[in-house]
Amino acid sequence: MRVQVRLFAYFREAAGVGETDLELVHGATVDDAWRALGERHERLAGHTPAPAVNRRVVPGGTVLSDGDEVAFLPPVSGG
Amino acid sequence: MIALEDGVLDPRAVEASVEGPDAGGLATFQGVVRATNEGRSVLYLEYEAYREMAIPVMQAIASEASRRWPDTRVAMVHRLGRVHVGDVSVVVAAAAPHRVEAFAACRYAIDALKSEVPIWKKEVWSDGSHWVEGNLPQPGAIT
(Lines give C-alpha, C1' and ligand atoms only; values in the text may rest on other atoms or scores of the structure.)
Protein backbone atom coordinates (compact mmCIF):
# COMPACT_ATOMS: atom_id res chain seq x y z
CA MET A 1 0.00 0.00 0.00
CA ARG A 2 1.05 3.59 -0.47
CA VAL A 3 0.79 6.44 2.04
CA GLN A 4 1.51 10.15 1.63
CA VAL A 5 3.99 11.47 4.14
CA ARG A 6 4.08 15.09 5.35
CA LEU A 7 7.08 16.52 7.20
CA PHE A 8 7.42 19.90 8.90
CA ALA A 9 9.90 22.23 10.56
CA TYR A 10 13.02 20.41 11.79
CA PHE A 11 11.99 17.11 10.17
CA ARG A 12 11.32 18.81 6.82
CA GLU A 13 14.76 20.39 6.88
CA ALA A 14 16.48 17.20 8.04
CA ALA A 15 14.88 15.08 5.31
CA GLY A 16 15.08 17.78 2.66
CA VAL A 17 11.45 17.22 1.66
CA GLY A 18 8.04 18.28 2.99
CA GLU A 19 6.02 15.67 1.11
CA THR A 20 6.86 12.19 -0.06
CA ASP A 21 5.30 8.77 -0.66
CA LEU A 22 6.02 5.50 1.12
CA GLU A 23 5.31 2.00 -0.14
CA LEU A 24 4.50 -0.24 2.84
CA VAL A 25 3.35 -3.82 3.33
CA HIS A 26 -0.27 -4.48 4.26
CA GLY A 27 -0.65 -4.18 8.03
CA ALA A 28 2.25 -1.75 8.45
CA THR A 29 1.93 0.65 11.37
CA VAL A 30 2.79 4.28 11.86
CA ASP A 31 5.96 3.20 13.69
CA ASP A 32 6.91 1.06 10.67
CA ALA A 33 6.46 4.07 8.41
CA TRP A 34 8.74 6.22 10.60
CA ARG A 35 11.38 3.49 10.57
CA ALA A 36 11.17 3.26 6.79
CA LEU A 37 11.50 7.02 6.52
CA GLY A 38 14.55 6.95 8.81
CA GLU A 39 16.22 4.43 6.54
CA ARG A 40 15.73 6.73 3.57
CA HIS A 41 16.58 9.95 5.44
CA GLU A 42 19.27 9.28 8.04
CA ARG A 43 18.94 12.59 9.85
CA LEU A 44 15.43 11.64 11.00
CA ALA A 45 16.54 8.52 12.82
CA GLY A 46 16.78 8.91 16.58
CA HIS A 47 14.04 11.52 16.75
CA THR A 48 10.56 10.89 18.14
CA PRO A 49 7.66 12.48 16.29
CA ALA A 50 4.00 12.86 17.14
CA PRO A 51 2.36 10.95 14.27
CA ALA A 52 -0.90 12.20 12.77
CA VAL A 53 -2.92 10.06 10.35
CA ASN A 54 -5.45 11.98 8.25
CA ARG A 55 -4.98 15.02 10.51
CA ARG A 56 -5.48 13.25 13.84
CA VAL A 57 -2.74 12.41 16.35
CA VAL A 58 -2.63 8.63 16.82
CA PRO A 59 -0.57 6.07 18.76
CA GLY A 60 2.48 4.67 16.98
CA GLY A 61 0.95 1.19 16.76
CA THR A 62 -1.89 2.41 14.53
CA VAL A 63 -2.24 0.31 11.38
CA LEU A 64 -2.18 2.31 8.15
CA SER A 65 -4.45 2.06 5.10
CA ASP A 66 -3.73 2.68 1.44
CA GLY A 67 -4.05 6.37 0.66
CA ASP A 68 -3.60 7.59 4.25
CA GLU A 69 -1.86 10.91 4.85
CA VAL A 70 0.69 10.45 7.62
CA ALA A 71 2.31 13.52 9.12
CA PHE A 72 5.25 13.26 11.50
CA LEU A 73 5.14 16.27 13.79
CA PRO A 74 8.13 17.56 15.76
CA PRO A 75 7.30 19.00 19.21
CA VAL A 76 5.06 21.98 18.48
CA SER A 77 5.90 25.58 19.29
CA GLY A 78 3.07 27.81 18.16
CA GLY A 79 2.06 30.94 20.02
CA MET B 1 -12.98 33.42 13.72
CA ILE B 2 -10.38 30.63 13.46
CA ALA B 3 -7.60 31.43 11.00
CA LEU B 4 -3.97 31.32 9.94
CA GLU B 5 -2.80 34.57 8.33
CA ASP B 6 0.30 35.48 6.41
CA GLY B 7 0.31 39.20 7.22
CA VAL B 8 -0.02 41.59 10.14
CA LEU B 9 -2.77 40.54 12.57
CA ASP B 10 -5.71 42.75 13.52
CA PRO B 11 -6.61 42.05 17.17
CA ARG B 12 -9.75 44.23 16.95
CA ALA B 13 -11.08 42.09 14.10
CA VAL B 14 -10.55 38.96 16.21
CA GLU B 15 -12.38 40.58 19.13
CA ALA B 16 -15.19 41.79 16.88
CA SER B 17 -15.84 38.22 15.77
CA VAL B 18 -16.82 37.13 19.30
CA GLU B 19 -18.05 40.22 21.15
CA GLY B 20 -21.71 41.01 21.57
CA PRO B 21 -24.28 42.59 23.88
CA ASP B 22 -24.63 39.25 25.71
CA ALA B 23 -20.93 39.22 26.59
CA GLY B 24 -20.12 41.23 29.68
CA GLY B 25 -16.51 40.10 29.59
CA LEU B 26 -14.05 40.09 26.67
CA ALA B 27 -10.60 38.66 27.40
CA THR B 28 -7.92 38.98 24.73
CA PHE B 29 -4.44 37.46 24.70
CA GLN B 30 -1.80 38.66 22.25
CA GLY B 31 1.47 36.75 21.85
CA VAL B 32 4.33 39.09 20.97
CA VAL B 33 7.79 38.24 19.66
CA ARG B 34 10.37 38.97 22.35
CA ALA B 35 13.74 40.57 21.72
CA THR B 36 15.68 37.94 23.64
CA ASN B 37 15.20 34.27 24.43
CA GLU B 38 17.51 32.21 26.64
CA GLY B 39 20.09 35.00 26.59
CA ARG B 40 20.23 35.31 22.79
CA SER B 41 19.15 38.30 20.71
CA VAL B 42 16.36 37.37 18.36
CA LEU B 43 16.28 38.90 14.87
CA TYR B 44 12.90 37.40 13.96
CA LEU B 45 10.81 34.23 14.13
CA GLU B 46 9.65 32.10 11.20
CA TYR B 47 6.36 30.31 11.82
CA GLU B 48 5.36 27.20 9.87
CA ALA B 49 2.12 25.22 10.11
CA TYR B 50 0.50 21.99 8.96
CA ARG B 51 -2.35 24.15 7.78
CA GLU B 52 -4.84 21.38 6.97
CA MET B 53 -4.58 20.06 10.53
CA ALA B 54 -3.95 23.30 12.45
CA ILE B 55 -7.32 24.77 11.48
CA PRO B 56 -9.45 21.79 12.65
CA VAL B 57 -7.41 21.49 15.85
CA MET B 58 -7.95 25.18 16.60
CA GLN B 59 -11.66 24.72 15.88
CA ALA B 60 -11.74 21.76 18.28
CA ILE B 61 -10.11 23.90 20.98
CA ALA B 62 -12.66 26.69 20.47
CA SER B 63 -15.51 24.15 20.60
CA GLU B 64 -14.11 22.57 23.75
CA ALA B 65 -13.87 26.01 25.36
CA SER B 66 -17.56 26.63 24.61
CA ARG B 67 -18.41 23.20 26.02
CA ARG B 68 -16.52 23.86 29.28
CA TRP B 69 -17.78 27.45 29.65
CA PRO B 70 -21.27 27.64 28.15
CA ASP B 71 -22.26 30.90 26.39
CA THR B 72 -18.57 31.60 25.75
CA ARG B 73 -17.23 32.29 22.24
CA VAL B 74 -13.54 31.91 21.38
CA ALA B 75 -11.65 33.23 18.35
CA MET B 76 -8.04 32.30 17.52
CA VAL B 77 -5.82 33.70 14.78
CA HIS B 78 -2.15 32.76 14.32
CA ARG B 79 0.29 34.49 12.01
CA LEU B 80 2.61 32.45 9.76
CA GLY B 81 5.87 33.29 8.01
CA ARG B 82 8.38 35.87 9.24
CA VAL B 83 7.38 37.79 12.38
CA HIS B 84 9.69 40.46 13.79
CA VAL B 85 10.46 41.44 17.38
CA GLY B 86 7.57 43.38 18.82
CA ASP B 87 5.05 42.02 16.32
CA VAL B 88 1.98 40.03 17.33
CA SER B 89 2.14 36.36 16.38
CA VAL B 90 -1.15 35.14 17.84
CA VAL B 91 -4.44 36.59 19.08
CA VAL B 92 -6.95 34.66 21.21
CA ALA B 93 -10.18 36.41 22.21
CA ALA B 94 -12.88 34.98 24.49
CA ALA B 95 -16.27 36.62 25.07
CA ALA B 96 -18.52 35.43 27.90
CA PRO B 97 -21.34 36.79 30.04
CA HIS B 98 -18.91 37.31 32.94
CA ARG B 99 -15.19 37.86 33.40
CA VAL B 100 -14.48 34.57 35.22
CA GLU B 101 -15.43 32.49 32.18
CA ALA B 102 -13.86 34.93 29.70
CA PHE B 103 -10.46 34.76 31.42
CA ALA B 104 -10.66 30.98 31.90
CA ALA B 105 -11.62 30.27 28.27
CA CYS B 106 -8.94 32.60 26.92
CA ARG B 107 -6.27 30.98 29.11
CA TYR B 108 -7.42 27.47 28.17
CA ALA B 109 -7.40 28.27 24.44
CA ILE B 110 -3.89 29.74 24.27
CA ASP B 111 -2.48 26.97 26.48
CA ALA B 112 -4.11 24.31 24.32
CA LEU B 113 -2.90 26.02 21.13
CA LYS B 114 0.67 26.01 22.43
CA SER B 115 0.59 22.33 23.35
CA GLU B 116 -1.49 20.76 20.56
CA VAL B 117 -1.73 22.84 17.36
CA PRO B 118 0.73 21.83 14.60
CA ILE B 119 2.54 25.15 14.32
CA TRP B 120 6.31 25.58 14.79
CA LYS B 121 8.55 28.60 15.32
CA LYS B 122 12.12 28.91 14.15
CA GLU B 123 14.12 31.42 16.13
CA VAL B 124 16.67 33.33 14.02
CA TRP B 125 19.67 35.11 15.58
CA SER B 126 22.55 36.98 13.95
CA ASP B 127 24.75 33.86 14.08
CA GLY B 128 22.34 30.99 13.59
CA SER B 129 18.84 29.64 14.17
CA HIS B 130 16.97 26.77 15.74
CA TRP B 131 13.46 25.32 15.78
CA VAL B 132 11.91 25.82 19.20
CA GLU B 133 10.70 22.50 20.63
CA GLY B 134 7.64 22.55 22.85
CA ASN B 135 5.12 19.80 23.52
CA LEU B 136 4.67 16.59 21.54
CA PRO B 137 0.91 16.41 20.81
CA GLN B 138 -0.86 13.37 22.25
CA PRO B 139 -3.81 11.29 20.94
CA GLY B 140 -7.13 12.50 22.32
CA ALA B 141 -5.65 15.58 23.99
CA ILE B 142 -8.46 18.01 23.27
CA THR B 143 -11.41 16.95 25.41
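The values are calculated or read from the model by the stated rules, or taken from the named source; none is laboratory data. This is a predicted model, so every value here is computed, not measured. Cβ: placed from backbone, ideal geometry, glycine included. Neighbour counts: every protein chain shown. For accessibility, only protein heavy atoms count, side chains too; no ligands or nucleic acids. Shrake-Rupley method; radii C 1.70, N 1.55, O 1.52, S 1.80 Å.
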With every protein chain present, what is the per residue accessible area of chain A (1.4 Å probe, Å²)?
-> 47 Å²
Per residue of A:56-69, how many C-beta atoms from partner chains lie within 10 Å of its own C-beta, taken as a mean?
-> 2
Interchain or sequence-distant (5+) residues whose placed amide H lies within less than 5 Å of the amide H of B:ASN135 are A:VAL76
Leaving out ligands, DNA and RNA, calculate the buried accessible area for the pair B and A with a 1.4 Å probe, summed over both sides, in Å² to the nearest 100.
-> 2200 Å²
Taking amide hydrogens as modeled 1.01 Å from N in the peptide plane, which residues meet the under 5 Å criterion relative to B:TYR44, leaving out close sequence neighbours?
-> B:VAL124
Under 15 Å from the 7 Å Cα→Cβ point of B:VAL124, by amide nitrogen: which residues of region B:71-109?
-> B:80-87
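Per residue, how much accessible area does chain B have with a 1.4 Å probe, in Å²?
Numbers: 6760 Å² over 143 residues.
So chain B comes to 47 Å² accessible per residue, rounded to a whole number.
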Could you please state how large a percent of the accessible area of chain A is carbon and sulfur, counting protein chains only and using a 1.4 Å probe?
-> 46 percent
Under the Karplus relation 6.51 cos²θ - 1.76 cosθ + 1.60, θ = phi - 60°, what is the ordered set of whole-Hz ³J(HN,Hα) values for region A:4-15, x standing for Gly and Pro?
-> 9, 9, 10, 10, 9, 6, 4, 5, 4, 5, 5, 7
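Quick check for me: using +1 on Lys/Arg Cβ and -1 on Asp/Glu Cβ, what's the dipole size of region A:34-79 about its Cα centre, in debye to the nearest 20? Walk me through the numbers before you get to the answer.
Numbers: 5 positive and 5 negative charges, 30 e Å.
In total the dipole reaches around 140 debye.
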Can you give the Kirkwood hydrodynamic radius of the protein assembly as shown from its Cα pairs, in Å with one decimal?
-> 18.4 Å
Where in region B:103-140 does accessible area fall by at least 40 Å² between the isolated chain and the complete protein assembly, at a 1.4 Å probe radius?
-> B:LYS114, B:TRP120, B:TRP131, B:GLU133, B:LEU136, B:PRO137, B:PRO139
Over region B:2-101, what percent of the accessible surface lies on carbon and sulfur atoms, probe 1.4 Å?
-> 50 percent
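Under the definition of Cα pairs under 8 Å and six or more residues apart, what whole-number percent is the relative contact order of chain B? Walk me through the numbers before you get to the answer.
On the way: 308 pairs, mean separation 48.3, N = 143.
RCO, chain B: 34 percent.
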Relative to the isolated chain, which residues of region A:1-46 have their accessible area cut by 10 Å² or more in the presence of all protein chains (1.4 Å probe, heavy atoms, no ligands or nucleic acids)?
-> A:ARG6, A:PHE8, A:ALA9, A:TYR10, A:ARG12, A:GLU13
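How big is the charge dipole of the protein assembly as shown about its Cα centre, in debye rounded to the nearest 20, if each Lys and Arg gets +1 on its Cβ and each Asp and Glu gets -1 on its Cβ? Don't skip to the end; give the middle numbers.
Working: 22 positive and 30 negative charges, 82 e Å.
Roughly 400 debye for the protein assembly as shown.
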State the percent of C-alpha pairs, over all pairs in region B:21-143, separated by a distance greater than 19 angstrom.
-> 51 percent
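What is the magnitude of the charge dipole of region B:5-143 about its Cα centre, with +1 placed on the Cβ of each Lys and Arg, -1 on the Cβ of each Asp and Glu, and no other charges, expressed in debye to the nearest 20? Walk me through the numbers on the way to the answer.
Working: 14 positive and 19 negative charges, 38 e Å.
Its charge dipole is roughly 180 debye.
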